[in-house]
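As structure tokens, the structure follows; a few thoughts come after it.
What follows is calculated from the coordinates using simple rules that are stated; it is not laboratory data. Only a predicted model underlies this, so the values are computations on that prediction, with no experimental measurement involved. Note that we place each Cβ from the backbone using ideal geometry, even for glycine, and neighbour counts take in every protein chain shown.
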Amino acid sequence: MRGLRGRRVLVSGGSSGIGEAAARRFLEEGARVFIGGLDPGEVAAALARLAEVGGVTDTAADLAGTAADVSDEAEAGRLVRDAAAALGGIDVLANNAGTAWREPFLDIAPHHWDRLLAVNLRGMFLVAQHTARVLVAQGTGGSIVNMSSINGLAGEADYAHYNASKAAVLGLTTTMAVELGRYGIRVNALCPGYIETPLNAQIASDLDDGFAAGYAEQKIPLRRTGRPDEVAAAYAFLASDDASFITGTAIVVDGGQLTAM
Ligand SMILES: NC(=O)c1ccc[n+]([C@@H]2O[C@H](COP(=O)([O-])OP(=O)(O)OC[C@H]3O[C@@H](n4cnc5c(N)ncnc54)[C@H](O)[C@@H]3O)[C@@H](O)[C@H]2O)c1
């Protein structure tokens, strides 16, 4: 991808799954990366794995991270401040942190609804707003990529809270693109389908053996689930200069799932 070398990239939720794969891809492209994550031990372990990436020549300058709960206003602000301090500014935000669990609509407890929306929507807003303020103050422009899902475009049973959060991320994304375009800040979203990550492994562990394979066979035209690096490639594209006239849209990365009846 063009233009990623030397870019200063904050990856929220960069300590696992898709976010870790994105951090890895940005490092491979020669970018400098700061990751966030909920759990300090998970962040430290991811940083150790990412330090092995070929492009990382000076670990201290190229790669750092911290634990912070993005649903908390002060923590989200600290995450962005720490990233800007470590990288000497920010050019790209992969706004990736999120969570999910299955819960039938009729059974969702209001405090479960509140927690999921607090992480997936409030957290996304807080990190995006703090980062956008940094970008505007720098006067450099930049790229923000918000993590939605195909669940933001169609309703999957037992995920009403998750689906609502991801649909709202698309509304957040279009409005940010409209308001921030004048500053040279592009804002887009990603809508992955079923990607093999620790989050999905956790969900599938409560379901039948072979759930993922059966799901792929029935629902995904490419007949397989996706890999984190296949979403990381879309993050890299939207962050790069190859996407310089793309803003306010979403890229679906789902093996064709949404196109099938
Ligand atoms: N795996 C999929 O099939 C899939 C599909 C579509 C969208 N997504 C989205 O992609 C993103 C990453 O998912 P994943 O599957 O890689 O999950 P994962 O559980 O492997 O990683 C989630 C990351 O988010 C972080 N996180 C979770 N809650 C947080 C909080 N309160 N504060 C800060 N960080 C927090 C975790 O620490 C971790 O780094 C999520 O937003 C998810 O909704 C995943």
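If I build a Gaussian network model for the chain, linking alpha-carbon pairs within less than 10 angstrom, which residue out of 210, 123, 36 has the largest mean-square fluctuation?
210
Tell me the net charge near residue 180. Cut-off is 15 Å between Cβ atoms, residue 180 excluded, with +1 for each Lys or Arg and -1 for each Asp or Glu.
Summing Lys/Arg as +1 and Asp/Glu as -1 gives +1.
Could you work out the relative contact order of the stretch 93-226, using alpha carbon pairs under 8 angstrom and six or more residues apart, expressed as a whole percent?
26
Let me check I've understood the local charge: for residue 164, count other residues with C-beta under 15 angstrom from its C-beta, Lys and Arg +1, Asp and Glu -1. What total comes out?
Overall, the nearby charge balance is 0.
Would you mind classifying the stretch 49-161 by shape? Square roots of the alpha carbon gyration tensor eigenvalues, ordered a ≥ b ≥ c; an a/c under 1.5 is rounded, otherwise it is prolate if a/b is larger than b/c and oblate if not.
prolate
Does the stretch 152-247 come out rounded, prolate or oblate by the C-alpha gyration tensor, with a ≥ b ≥ c the root eigenvalues, rounded set by a/c under 1.5 and, if not, prolate when a/b is larger than b/c and oblate if not?
prolate
Over the chain, with a Gaussian network built from C-alpha contacts below 10 Å, which listed residue (208, 39, 82) shows the highest mean-square fluctuation?
208
In which sequence would 175, 131, 66 go, from the one with the fewest C-beta neighbours within 10 Å to the one with the most?
Starting with the residue having the fewest Cβ neighbours, the order is 175, 66, 131.
Could you list 249, 259 in order of exposure, starting from the residue whose Cβ has the fewest other Cβ atoms within 10 Å?
Ordered from fewest to most neighbouring Cβ atoms within 10 Å, 249, 259 come out as 259, 249.
Under a 10 Å cutoff between Cα atoms, tell me which one of 109, 85, 67 has the largest fluctuation in the Gaussian network model of the chain.
109
Quick check on the exposure proxy: order 125, 245 from fewest to most C-beta atoms within 10 angstrom.
The fewest-first ordering by Cβ neighbours comes to 245, 125.
Mind checking the stretch 71-126 for trypsin sites (Lys or Arg not before Pro) that DSSP puts in a loop (not H, G, I, E or B) and that have at most 14 other Cβ atoms within 10 Å?
Those that pass, being in a loop and sparsely packed, are 102.
Send over the per residue convex hull volume for the stretch 8-259, Cα only, as a whole number of Å³.
Roughly 124 Å³ of hull volume per residue.
Using 1/(1 + (r/R0)^6) with R0 = 22 angstrom and r between the beta carbons of residue 115 and residue 174, what's the FRET efficiency to the nearest 0.05?
0.30
Compute the signed sum of charges (Lys and Arg +1, Asp and Glu -1) over the other residues within less than 9 Å, Cβ to Cβ, of residue 26.
So the surrounding residues net to +2.
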